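Let me begin by presenting the structure, written as structure tokens, before commenting on it.
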């Protein structure tokens, strides 16, 4: 229980006023504003306090918040869909639909769990996605984060026209005239992450998102951006939807990586958490 004033008064004070005799907490809150102060307040009031029940499960449940507080960046989930031979699209770029309706419906749940969805401007230009939750009502739509170094995001795109949730455009473009065209949209925000080799610094981007309170984000992007997140070591979980289709050698690959493994005998970086059938497809969850 918290001990500071934020959007609500301290939980610990409310428990003391309620006259409870025993409090069991799964884990201590690592937030520096709390950091055991709430538990200490309860003990000082004569309340029996126990802490540490099901802590592993509690950490999994609160992984976004804990990542933001302890690592200074959000928990990053990379979502992708591929054929049996690891292709994400036909050679001409067509990708609708590799997976079936059950898998696509499951993606809506992942979006609803996410504070923000990250993609690149190439995906916006090619697919004009909405990147929101449409299959069911939700109290909070995820923010859309567009990596757009040179500000190519069209004003007619859905992520600009749809004001149902914030759209954050991360750019390296400093031209006021280029930026001005986006100022008429109240839900649009411009992010200015640092530069790394003439590209957006992904580490810094995640730090900026954490500072805005985003704890869990999902990357839904093409092979280049997905590969960049992987190579930067910033992906905590991969969710791969795989369809029993074969798209052939000219199909688009899943990840674009600069470095290749040197040996097949090296220990795998990723561990399978679960494999779940979804209609005719499978959902494969992997973590480090």
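Each value in this text was obtained by applying a stated rule to the coordinates, not by laboratory testing. The model shown is predicted, which means the values in this text are computed figures rather than measured ones. With ideal geometry, Cβ positions are generated from the backbone for all residues, glycine too; neighbour counts draw on all protein chains shown.
Here are some notes:
- Förster radius 22 Å - calculated FRET efficiency between residue 53 and residue 20 (Cβ-Cβ, nearest 0.05): 0.85
- Rounded to 10°, Cα long-axis angle of helix 202-211 versus longest principal axis of the chain: 40
- Expressed to the nearest 5 percent, the antiparallel share of DSSP beta bridges inside the chain is 35 percent.
- Difference of contour (0.36 nm per residue) and Cα-Cα distance, residue 109 to residue 156: 14.3 nm
- By the count of neighbouring beta-carbon atoms within 10 Å, fewest first, 273, 235 end up ordered 273, 235.
- Each of 224, 34 was scored by other Cβ atoms within 10 Å of its Cβ. Listed from fewest to most, they are 224, 34.
- Fewest-first ordering of 71, 158 by other beta carbons within 10 Å of each residue's beta carbon gives 71, 158.
- Degrees separating the helix 101-113 axis from the principal Cα axis of the chain, which is the longest one: 40
- The mean of 1/r over all distinct Cα pairs in segment 11-59, once inverted, gives the Kirkwood hydrodynamic radius of 11.1 Å.
- Under a Gaussian network description of the chain, with springs only between Cα atoms under 10 Å, the residue in 184, 132, 173 that fluctuates furthest is 184.
- Sites residue 92 and residue 258, calculated FRET efficiency, Cβ-Cβ separation with R0 35 Å, nearest 0.05: 0.90
- Each label was represented as a point 7 Å from its Cα along the Cα-to-Cβ direction; for residue 186 and residue 173 these points are 2.4 nm apart.
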